[in-house]
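Written out below as structure tokens is the structure these notes cover.
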Amino acid sequence: MHLPFCVERCGYCSFNTAPYTPGGLDRFLTALLRECDLAAGAPWAGGVTLDSLFLGGGTPSLLDAEQMAIVLARIGARFVSFPDCSHWWQLQRVGEVAAELEALWS
């Protein structure tokens, strides 16, 4: 899953990114959740089982813990996943979000 926002673009990055703005991120998350709903309604969706989920971008660390929880809950509600489905997050602000991530997964 691609979250295309960055505070600062890394020199090595070739991903499609956009400058971070709170309003832009909010609009993107609304569209992302709608896209999850649309994909889950596709005829093939019932035959898909997730065994891993990668969130990268940009950086998902621009989401706060509540936003992260909403995205994960929507994916969990719309798609079947294995009990041991791994989640991978590409993070830039690791120190700043460590407590938020710990709260999310506890």
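Numbers below:
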{"read-out": "Cβ crowding within 10 Å averaged over residues, with 33-43, 6-16, 50-60 ranked highest first", "value": "50-60, 33-43, 6-16"}
{"read-out": "Check: region 2-105 dipole with +1 on Lys, Arg Cβ and -1 on Asp, Glu Cβ, in debye", "value": "320"}
{"read-out": "Residue-span extension gain [Trp88 to Trp44] - 0.36 nm each, minus C-alpha spacing", "value": "13.4 nm"}
{"read-out": "Region 25-97 - Kirkwood radius from inverse mean 1/r over Cα pairs (Å)", "value": "13.2"}
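Each reported figure results from applying straightforward, stated rules to the coordinates on display, with no laboratory input. No experiment lies behind these values; they were computed from the predicted model shown. Because the Cβ atoms are built from the backbone with ideal geometry, glycine has one as well, and the counts that use them run over all protein chains shown.
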